[in-house]
Amino acid sequence: MLIVKIGGGRDINIGGIARDLADIPQPAIIVHGANAWRDALAEQLHVHMETITSVRGYDSVLSTQSSLDLMLMAYAGLRNKRLVESFQRHGIPAVGLSGLDGRMIQGKRNGGIQCRQGGKIIIRHDLSGKPLSINTRLLDVLLGGGYIPVLTVPICDEDGFAISADNDDIVAVLHAQCRASTVVHLLEAPGFLADPADPCSLLPRMTVDDVRSCEGRSKGRIKRKLHAICRLLEEHPTRVILADGRTEHPLRDALAGYGTTIEAESSGSAADGAIA
């Protein structure tokens, strides 16, 4: 089993991913983002999106009803169906679903997000939550029928409402159920960079200890991604690859070892010193 997380940037080579996936015989699950399309829609529709930072340093977009509507349009609608279209054109029997459909991804709504404001800690409430489980019956029907699930947010909360969630957390929950042999993250970067401003600072290999260390020093979106990868590797070790989604053959290159390979072993890291 292969799980592929496709980033939400516009420069990701979807056609290249589809061509590569068509040549891979093993079953696969796709999880995708669409932040570039959401942001463009927000601008076109004049919808304000507020980014908040939790007391633990994780950034997220405050999920209001307006931003959730944007998510439905950009993630579950436009991006999901364009991905399915590209896969179908390359002979891949893709089925696009949000976590809401058939309660494919069940979660629990957050009780509130602790943030700092004016030197005080306040609680912000929104329409977000954490994925907890997968509808294995539905997933097994799709995989057993030879289909490729193409999944994205929103997910379903305990009362049947749509809520936002982090797609990297969804990947971790999927892996806990499917125990994928490899989890690939396709990014708008060559892999994990020790210095985000220097594309030559790629770390080819990391351990979960390295990832945990980098998470503590990171900011922004990558901090949340590293946290989800740590969780995935600690609970159910596997091979995780962070690779460039912009190349001619993104998935083939990733599986061939280009990018950053992360494994659970905690000693003898090739990243020792590079991230100090």
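The values are calculated or read from the model by the stated rules, or taken from the named source; none is laboratory data. If you're wondering where the values come from, they're calculated on a predicted model, not measured in any experiment. Backbone-built Cβ (ideal geometry, glycine too); neighbour counts: all protein chains shown.
All conditions in (1) polar (S, T, N, Q); (2) within 22 Å of Ile229 (Cβ to Cβ); (3) surrounded by fewer than 18 Cβ atoms within 10 Å (Cβ to Cβ) hold for Thr64, with the sole exception of (2).
Selection of first residues in segment 20-34 that are modelled with pLDDT of 95 or more and of second residues that are in a loop (DSSP other than H, G, I, E, B) and β-branched (Val, Ile, Thr), restricted to Cβ pairs under 7 Å at least 6 apart or on distinct chains, gives the following pairs, ordered by first then second residue: Leu21/Ile92; Ala22/Ile92. Considering only segment 89-96, I want to know if a residue exists there that is touching a Pro at 6+ places or on another chain (Cβ under 7 Å) and of a type in the set (Gly, Ala, Ser). The answer is no, given that none of the residues of segment 89-96 is touching a Pro at 6+ places or on another chain (Cβ under 7 Å) and of a type in the set (Gly, Ala, Ser).
List the pairs whose first member sits in segment 246-262 and is free of Cβ contacts under 8 Å to residues at least 24 places away in the same chain, whose second member is small (Gly, Ala, Ser), and whose Cβ atoms are under 8 Å apart, counting only residues at least 6 apart or on separate chains? Between residues of segment 246-262 that are free of Cβ contacts under 8 Å to residues at least 24 places away in the same chain and residues that are small (Gly, Ala, Ser), the close pairs are Asp253/Ala243; Asp253/Gly259. I need a count of the residues in segment 206-255 that are part of a strand (DSSP E or B) and crowded, with 18+ Cβ neighbours inside 10 Å. Summing the residues that are part of a strand (DSSP E or B) and crowded, with 18+ Cβ neighbours inside 10 Å in segment 206-255 gives 7. Within the bounds of segment 182-197, is there any residue that is surrounded by fewer than 18 Cβ atoms within 10 Å (Cβ to Cβ), under 18 Å from the mean Cα position of the chain (by Cα) and of a type in the set (D, E, K, R)? Checked against the condition, which is being surrounded by fewer than 18 Cβ atoms within 10 Å (Cβ to Cβ), under 18 Å from the mean Cα position of the chain (by Cα) and of a type in the set (D, E, K, R), segment 182-197 yields at least one hit. If you go through segment 49-61 and keep only what is touching a strand residue (DSSP E or B) at 6+ places or on another chain (Cβ under 8 Å), surrounded by 15 or more Cβ atoms within 10 Å (Cβ to Cβ) and assigned to a loop (DSSP other than H, G, I, E, B), you end up with just Met49. For segment 135-154, a residue qualifies if it is closer than 15 Å to Leu100 by Cα and in contact with a strand residue (DSSP E or B) (Cβ under 6 Å, 6 or more places away or on another chain), and the qualifying residues are Pro149, Val150, Leu151, Thr152, Val153, Pro154.
Looking only at residues of segment 24-48 that are more than 17 Å from Leu143 (Cα to Cα) and over 20 Å from the mean Cα position of the chain (by Cα), we find that the one that is surrounded by the fewest Cβ atoms within 10 Å (Cβ to Cβ) is His46. Note on segment 12-35: among residues that are in a loop (DSSP other than H, G, I, E, B), touching a helix residue (DSSP H, G or I) at 6+ places or on another chain (Cβ under 9 Å) and not polar (S, T, N, Q), the one that is farthest from Arg224 (Cα to Cα) is Asp23.
Candidates Gly77, Gly107: the one that is in contact (Cβ under 8 Å) with a residue 12 or more places away in the chain, closer than 18 Å to Val153 by Cβ and small (Gly, Ala, Ser) is Gly107.
Of the strands (runs of 3 or more DSSP E) lying entirely inside segment 80-157, those carrying at least 2 residues that are crowded, with 18+ Cβ neighbours inside 10 Å are 94-98, 105-109, 129-134, 148-152. Taking segment 41-60 as the range and being in contact (Cβ under 8 Å) with a residue 24 or more places away in the chain and either touching a helix residue (DSSP H, G or I) at 6+ places or on another chain (Cβ under 8 Å) or more than 14 Å from Arg116 (Cα to Cα) (or both) as the test, the residues that pass are Leu41, Ala42, Leu45, Gly57, Tyr58, Asp59, Ser60.
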